[in-house]
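Accompanying notes for the structure given below.
The values are calculated or read from the model by the stated rules, or taken from the named source; none is laboratory data. From a predicted model like this one, the values you see are computed outputs, not experimental measurements. Glycine gets a Cβ as well: all are built from the backbone with ideal geometry, and neighbour counts include every protein chain shown. Protein only, heavy atoms only, side chains kept; ligands, DNA and RNA dropped before computing areas. Shrake-Rupley method; radii C 1.70, N 1.55, O 1.52, S 1.80 Å.
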Amino acid sequence: MARPAGAVSHTLQDSLPPPVDNRRRFGPLDLAIVLCVAAACVYVGWRAQTVLHYNWNWAPVWNFIVRYDAAQDSWVPNLILKGLWTTVRISIWAAFLAAVIGGAMGMARVSQSLFLRLVARSYVEAIRNVPPLVFIFVVYFFLTSQIVPALGLDTWARGASPQTRAAIELLLGPPQFLPALVSAVVCLALFEGAYVAEIVRGGIQSIDKGQWEAAKSMGFGRGRILRLVILPQAIQRTVPPLAGQFISLVKDSSIVSLISIQDLTFLGNEVAATTTRIFEVWIVVAFLYFLMCWSLSLLFARLERRLGRFK
């Protein structure tokens, strides 16, 4: 026997999870978790001191974060902060290029052209089935030995005007390292772009087919359907996985330290070898990576809330 409409609605409401109480920010369970984490940190520190006989000394590390420059009569960033800024530069440029490459490949994955679908599928499968370290080594050395010299970036950077060199140093780092940094950025962007392409493809294909058919019935072409109907909804659905992917990109950028790019990991390793303060240096490096990723999480959470207003 068919149920009344009100009964069906009541059953659906009962099956939904209870609403989240956003006013409750910090409860007893949260306090217990924080205390457990603090106790674990104290235990690790105690074990490091009593078992490994490790003597903590943070003083040498601070000097490699900031130093006093007598010539400028001020405190200036030292190696660790310079490495942090290089990591930020690499992550921003690689995220931008990965978004462009991944967006184009994601669109090609749902294209009506068989050739475009084959190209995009080959690109995605080639990247996803090769270890990131192997991919970085192969592509980086190919770029630095074949592509970048052909573009003449090194010659252009050396002969640039002082204003241009200052702009290059602000946006990409020291001009003498420009070819290596560009190669590293392209490597990271190609690698992360494959995962962005799959996120874009999934977002587009998650839109109900009825919306395609409804738009076609109104006389829209495929381009207008994508631009006006499908992509605005797909973008909202892809923001959370894209946020996770770009945060992963920041962490994956530490791979470029293995090809001698002077990022946070590379310079952290240099400082640890110089000061022999292994734990202190790597704790500072980990904290700086955490700050970058946490800031991105907050930024994307805010973006999700803003996009949610337009649903």
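Residue pairs whose Cβ atoms lie under 7 Å apart, separated by 6 or more positions or on different chains, with the first residue in segment 85-103 and closer than 15 Å to residue 256 by Cα and assigned to a helix (DSSP H, G or I) and the second among the polar types (S, T, N, Q) and open to solvent by less than 50 Å² (accessible area, probe 1.4 Å), are 87/253; 90/253; 91/253; 94/253.
Take residue 255 and decide whether it is under 24 Å from residue 292 (Cβ atoms) and either surrounded by 20 or more Cβ atoms within 10 Å (Cβ to Cβ) or touching a Leu at 6+ places or on another chain (Cβ under 7 Å) (or both).
Yes, satisfied.
Count of segment 104-121 residues, restricted to those that are open to solvent by 20 Å² or more (accessible area, probe 1.4 Å) and assigned to a helix (DSSP H, G or I), is 11.
Looking only at segment 276-297, which residues are under 18 Å from residue 49 (Cβ atoms) and either of a type in the set (Val, Ile, Thr) or part of a helix (DSSP H, G or I) (or both)? Steps first, answer last, please.
The first filter runs over segment 276-297 and keeps only residues under 18 Å from residue 49 (Cβ atoms), leaving 276-283.
If the condition is that a residue be under 18 Å from residue 49 (Cβ atoms) and either of a type in the set (Val, Ile, Thr) or part of a helix (DSSP H, G or I) (or both), then 276, 278, 279, 280, 281, 282, 283 are the ones that fit.
Kindly check whether there is at least one residue in segment 280-293 that is of a type in the set (Phe, Trp, Tyr), surrounded by 15 or more Cβ atoms within 10 Å (Cβ to Cβ), within 18 Å of the chain's Cα centre (by Cα) and under 30 Å from residue 139 (Cα atoms). Yes; the residues of segment 280-293 include at least one that is of a type in the set (Phe, Trp, Tyr), surrounded by 15 or more Cβ atoms within 10 Å (Cβ to Cβ), within 18 Å of the chain's Cα centre (by Cα) and under 30 Å from residue 139 (Cα atoms).
When you go through 236, 245, 262 one by one, which is the residue that is of a type outside the set (A, V, I, L, M) and outside any helix (DSSP H, G or I)?
Numbers: 236 fails: outside any helix (DSSP H, G or I); 245 fails: outside any helix (DSSP H, G or I).
None of the others qualify; the one that does is 262.
The sole residue among 205, 245, 233 that is closer than 23 Å to residue 100 by Cα and within 20 Å of the chain's Cα centre (by Cα) is 245. The numbered conditions (1) more than 30 Å from residue 231 (Cα to Cα); (2) open to solvent by less than 90 Å² (accessible area, probe 1.4 Å) are all true for residue 124 except (1).
Going by what's in this entry, would residue 216 be described as surrounded by fewer than 16 Cβ atoms within 10 Å (Cβ to Cβ), under 18 Å from the mean Cα position of the chain (by Cα) and in a helix (DSSP H, G or I)? Steps first, please.
On the way: surrounded by fewer than 16 Cβ atoms within 10 Å (Cβ to Cβ): yes; under 18 Å from the mean Cα position of the chain (by Cα): no; in a helix (DSSP H, G or I): yes.
Answer is no for this residue.
Please verify whether segment 128-150 includes one or more residues that are touching a strand residue (DSSP E or B) at 6+ places or on another chain (Cβ under 7 Å), within 30 Å of residue 280 (Cβ to Cβ), at pLDDT below 95 and loosely packed, with under 13 Cβ neighbours inside 10 Å. No, every residue in segment 128-150 fails to be touching a strand residue (DSSP E or B) at 6+ places or on another chain (Cβ under 7 Å), within 30 Å of residue 280 (Cβ to Cβ), at pLDDT below 95 and loosely packed, with under 13 Cβ neighbours inside 10 Å. Filtered by the rule that a residue be among the aromatic types (Phe, Trp, Tyr), in contact (Cβ under 8 Å) with a residue 24 or more places away in the chain and loosely packed, with under 15 Cβ neighbours inside 10 Å, segment 42-84 gives 56, 58. Only one of the listed residues (276, 265) is loosely packed, with under 13 Cβ neighbours inside 10 Å and either within 18 Å of the chain's Cα centre (by Cα) or modelled with pLDDT under 95 (or both). That residue is 276.
Scanning segment 153-166 for residues that are part of a helix (DSSP H, G or I) and loosely packed, with under 13 Cβ neighbours inside 10 Å yields a total of 5. From the list 211, 146, 176, the one residue that fits, being part of a helix (DSSP H, G or I), among the polar types (S, T, N, Q) and within 23 Å of residue 239 (Cβ to Cβ), is 211.
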